[in-house]
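Presented below is the structure to which this report refers.
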Amino acid sequence: MKFNWGYKIIVIYGIFVIGILFLVYKSSQQKMDLVQKDYYADELKYQNVINASQNAKDIGGTLTTIRKGGHLLVGLPASFHNEKVKGVAHLYYAADETRDISKSFITSTGEFEMELLTMMSGYYTLKLDLDLNGKQYYYEQKLTF
């Protein structure tokens, strides 16, 4: 049986419709996580992060990060050595909330250690909130594991 141009158009149109329906199905199966559950309230508090970042820039220095097996050693800038520093370290993974790690710490040596997940790979952001004598500091550093 020979197909004329009318049947060919119907077959191509049918393949197109099936392809679109397949893409709709696959896109509905994708997991969509918000960066933060209560993003509006966090946005209102973001001025505090801006001020803390400026404080960190004013004090100078940079963070050092070294991965040793299943641990991440974070070294604070020299201004924080021999001072009692309280803080919260958050390893943020943008693609999956379950891979985030948070740790509260108190240090006077200018460094602290975080335990990492066993199968950790990808692009992470280290978000570090520090409190030194009531003044807030904020550092952010991109990491690749």
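Considering only the range 26-63, state which residues are of a type in the set (A, V, I, L, M, F, W, C) and not in a loop (DSSP other than H, G, I, E, B). Those that are of a type in the set (A, V, I, L, M, F, W, C) and not in a loop (DSSP other than H, G, I, E, B): ALA41, LEU44, VAL49, ILE50, ALA52, ALA56, ILE59.
When PHE22 is tested against (1) exposed (fewer than 10 other Cβ atoms within 10 Å of the Cβ); (2) within 33 Å of the chain's Cα centre (by Cα); (3) not polar (S, T, N, Q), just one condition goes unmet, and that condition is (1).
Of the residues making up the range 82-107, those that are of a type outside the set (A, V, I, L, M, F, W, C) and under 16 Å from GLN136 (Cα atoms) are GLU83, LYS84, LYS86, GLY87, HIS90, SER104, THR107.
Take LEU72 and decide whether it is of a type outside the set (Gly, Ala, Ser), within 28 Å of LEU117 (Cα to Cα), surrounded by 10 or more Cβ atoms within 10 Å (Cβ to Cβ) and at pLDDT below 95. Yes. In this entry, THR109 passes the filter for residues that are at pLDDT 90 or above, farther than 26 Å from TYR46 by Cα and among the β-branched types (Val, Ile, Thr).
Name the one entry in GLU97, GLU111 that is surrounded by 10 or more Cβ atoms within 10 Å (Cβ to Cβ), charged (D, E, K, R) and more than 16 Å from LYS127 (Cβ to Cβ).
GLU111
Restricting attention to the range 122-145, the residues being of a type in the set (Ser, Thr, Tyr), in contact (Cβ under 8 Å) with a residue 40 or more places away in the chain and touching a Phe, Trp or Tyr at 6+ places or on another chain (Cβ under 9 Å) number 1.
The values are calculated or read from the model by the stated rules, or taken from the named source; none is laboratory data. Please read these numbers as outputs of a predicted model, since none were measured by experiment. Please note: Cβ atoms are built from the backbone with ideal geometry, for glycine as well, and neighbour counts cover all protein chains shown.
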